[in-house]
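The values are calculated or read from the model by the stated rules, or taken from the named source; none is laboratory data. In this text, all values refer to a predicted model and were calculated from it rather than measured experimentally. All Cβ positions, glycine included, derive from the backbone under ideal geometry; neighbour counts span all protein chains shown. Accessible surface areas use protein heavy atoms only, side chains included; no ligands, DNA or RNA. Shrake-Rupley method; radii C 1.70, N 1.55, O 1.52, S 1.80 Å.
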Amino acid sequence: MNQLGKVLSEVAKYVPRLLKTELSKSLVFHNLNHTLEVVQASAEIGSHCDFTAEQMNIVQVAAWFHDCGYTQAYTGHENISKDIATGFLCGIGYPQEFLDCVVNCIEATRYPQKPIGVESRALCDADLYHFTRPDYHRYEEALRVEFERYFDKHPTDAIWAQTNCDMLTAHHYHTDYGREVLQKFKEINLERMRCKYL
């Protein structure tokens, strides 16, 4: 196994253990399953972006780490995620240039997303890949539960529906694959929610 494959293998062992033991059970959206889906989506998107092996490893390592900060805090979790990734990658002696790219990708997922570079654009699209899912309602309901638990906000069904419509309408994908493929599936969900969008 080459060095790139080795780091991804090590990360794929470390992060699930961390999330299984340290994440609050109240996190019904930002949990291990979400991370696994983002890792899978990042591979799909990266393959359509014709990423090199190194680019693919950057975006996948970042996908594994991007929500690790939820083990310590809800608000500002991105900073903690970057610290966890930095500590792990430094601990195994990984090059600073690779680490900087991973941290840049994680930072880009902070909402509202502001990716810089092709790898961070791919991770941002992977992080919101669930907008395209046929069972999107399941994801948005899980997120609603989290908001209620962590922010003590209890919107009416109508307000929550409008919030979702507004978010999906304002959102845009950053990669060509996102704009040409994922957007079409997101629009189906917008239609299902009877959203008005441009």
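Buried (at least 21 other Cβ atoms within 10 Å of the Cβ), aliphatic (A, V, I, L, M) and within 13 Å of the chain's Cα centre (by Cα), is that true of residue 85? In short, no. Within segment 186-194, not a single residue is open to solvent by 70 Å² or more (accessible area, probe 1.4 Å) and closer than 19 Å to residue 28 by Cα. Restricting attention to segment 171-183, the residues being without any contact (Cβ under 8 Å) to a residue 12 or more places away in the chain and either within 19 Å of residue 43 (Cα to Cα) or among the basic types (Lys, Arg) (or both) number 3. The residues in segment 100-149 that are free of Cβ contacts under 8 Å to residues at least 12 places away in the same chain and open to solvent by less than 60 Å² (accessible area, probe 1.4 Å) can be counted, and the count is 2. Between a first residue in segment 14-29 that is farther than 13 Å from residue 67 by Cβ and a second residue that is of a type in the set (D, E, K, R) and open to solvent by 70 Å² or more (accessible area, probe 1.4 Å), which pairs have beta carbons less than 8 Å apart while being 6 or more apart in sequence or on different chains? If the second residue must be of a type in the set (D, E, K, R) and open to solvent by 70 Å² or more (accessible area, probe 1.4 Å), the pairs left are 26/149.
Out of the residues in segment 150-180 that are among the polar types (S, T, N, Q) and surrounded by 14 or more Cβ atoms within 10 Å (Cβ to Cβ), which is farthest from residue 108 (Cα to Cα)? Among those residues, the one meeting the criterion is 162. Whether any residue in segment 26-41 is more than 11 Å from the chain's Cα centre (by Cα), modelled with pLDDT under 95, over 18 Å from residue 108 (Cα atoms) and open to solvent by 30 Å² or more (accessible area, probe 1.4 Å) is what I want to check. Checked against the condition, which is being more than 11 Å from the chain's Cα centre (by Cα), modelled with pLDDT under 95, over 18 Å from residue 108 (Cα atoms) and open to solvent by 30 Å² or more (accessible area, probe 1.4 Å), segment 26-41 yields at least one hit.
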